[in-house]
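First comes the structure, then the notes that go with it.
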Amino acid sequence: MENKAKDKKKSPLLTIVFIVLGILAIGGIAGAFMLNYNTFEPAVPSILDDGENIFITTSVNENYQGYRFRFLSLTDEVVIDSKDNVISQSELEENKIAIGQTYKISACYLGETEGGSSPYSGSVTWTYTSYLQAPTLTRNSEECTVSWQAIENADYYILYYKENGALKSKETTELSFSYKTFDGGKQEFFVTACSNNRNYKQSTYSNVLSFNHVYKMKDLYSASLDGYILTVTSVEELQYLSIYVNGQQKVAKLGSPSRSNGRYTYTINIITIYISSDRLGVAPYPGDEYSVFAGEIMYIR
């Protein structure tokens, strides 16, 4: 009888112990769940622009399976699921996010099941504007031109170049540019694509072409001889003149010209090198290593 009385006293105590352990166990499971899942929504998405590409990102939470970005416009809803908390411009294009369209963008964390996903974050309003592709610049040294391919959605291009050490620019709708008339020496070119549509941003700069240009001098416009006074007219300024007497070349330094109608006229006395019976020819002579004359000699008589 005494043992039975003791057993009856133990039973309520054991029951209380089991209840407490059960509560602790449930609390432990709940705590573990809370440690593994953050039921709060992610941060409002941010728009990142590196000057060349667009990225959309939200806060990281490694306790979930991935991320979902929702794009809401007045007429459409687009959902993009991603393993990463960042989506790129190429992913936007693949999912038909429309250039010029305004969206409200929000994000949520993805659980193993739809029911395990977090609520959506707050939204950011964003209009999709994209950078134009950068052109690639090439050079034709024989024709003295630089050229580039047409860029989709571009309306015009800005070509940058150096002239006499100063950086200059030129807007053009053409796909090539001739530097044939540039002074000889080091040249530098690069180009960027532009659009009249504000939803397409100016591209980054193309590759830079840097090279030494050898200027091809033009033929003389006219030449005449009055006694021993030689007169030559050129469409460009000259420093030196080649004088051919019976096929023998002599180089003369020229003085200041007179100028009229965009032409330059020079006179020189050739009494010391010319006899009236000699065959006389003249041609421009390069003033430096970055100029060359490969045209025709002009013969007077």
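Its residues counted as N, the chain yields a C-alpha radius of gyration over 2.2 N^0.38 Å of 2.11.
Between the helical axis of 2-36 and the longest alpha-carbon principal axis of the chain there is an angle of about 10 degrees. The shape of the stretch 210-301 comes out prolate: with a ≥ b ≥ c from the C-alpha gyration tensor, a/c is at least 1.5 and a/b beats b/c.
Considering only Asn53, Ala283, Asn197, and ranking their Cα positions along the charge dipole of the chain that arises from unit charges at the beta-carbon of Lys, Arg, Asp and Glu, the one farthest toward the positive end is Asn53. Rounded to 0.05, the FRET efficiency of the Thr113 and Ala150 pair, given R0 = 41 Å and the Cβ-Cβ distance, is 0.25.
Looking at this model, which pairs from Lys216/Lys253; Lys162/Lys218; Lys168/Lys253; Lys168/Lys201 are more than 28 angstrom apart at the alpha-carbon? In this structure, Lys168/Lys253 lie more than 28 Å apart at Cα.
Each of Tyr160 and Glu237 was given a label point 7 Å from its Cα along the Cα-to-Cβ line. The distance between the two points is 2.8 nm. Take the Cα of Arg263, step 7 Å toward its Cβ, do the same at Thr181, and the gap between the two points is 1.7 nm. The residue list Val251, Gly116, Pro135 was ranked by how far each Cα lies along the charge dipole of the chain toward its positive end, using unit charges on Cβ atoms, and Gly116 comes out on top. Placing pseudo-labels 7 Å out from each Cα toward the beta carbon at Val251 and Leu225 gives an inter-label distance of 2.2 nm. Taking only protein heavy atoms and a 1.4 Å probe, the accessible area of the stretch 152-301 is 43% carbon and sulfur.
For the chain, the per residue solvent-accessible surface stands at 61 Å², with DNA, RNA and ligands left out and a 1.4 Å probe. Compute the label zone of Glu188 within the stretch 111-151: residues whose backbone N is under 17 Å from the point 7 Å along Cα-to-Cβ. Within reach of a label on Glu188, which here means backbone N under 17 Å from a point 7 Å along Cα→Cβ, the stretch 111-151 contributes 137. Let me have the relative contact order for the chain, percent, based on Cα pairs under 8 Å that are six or more residues apart. Value for the chain: 11 percent. For Lys170 and Asn63, what does the FRET efficiency come to when R0 = 51 Å and r is the distance between their Cβ atoms, rounded to the nearest 0.05? Plugging the Cβ-Cβ distance into 1/(1 + (r/R0)^6) gives 0.35.
The values are calculated or read from the model by the stated rules, or taken from the named source; none is laboratory data. Worth saying up front: this structure is predicted, and the values here are computed from it rather than measured. We place every Cβ from the backbone using ideal geometry, glycine too, and count neighbours over all the protein chains shown. Note: areas computed on protein heavy atoms with side chains; ligands, DNA, RNA excluded. Shrake-Rupley method; radii C 1.70, N 1.55, O 1.52, S 1.80 Å.
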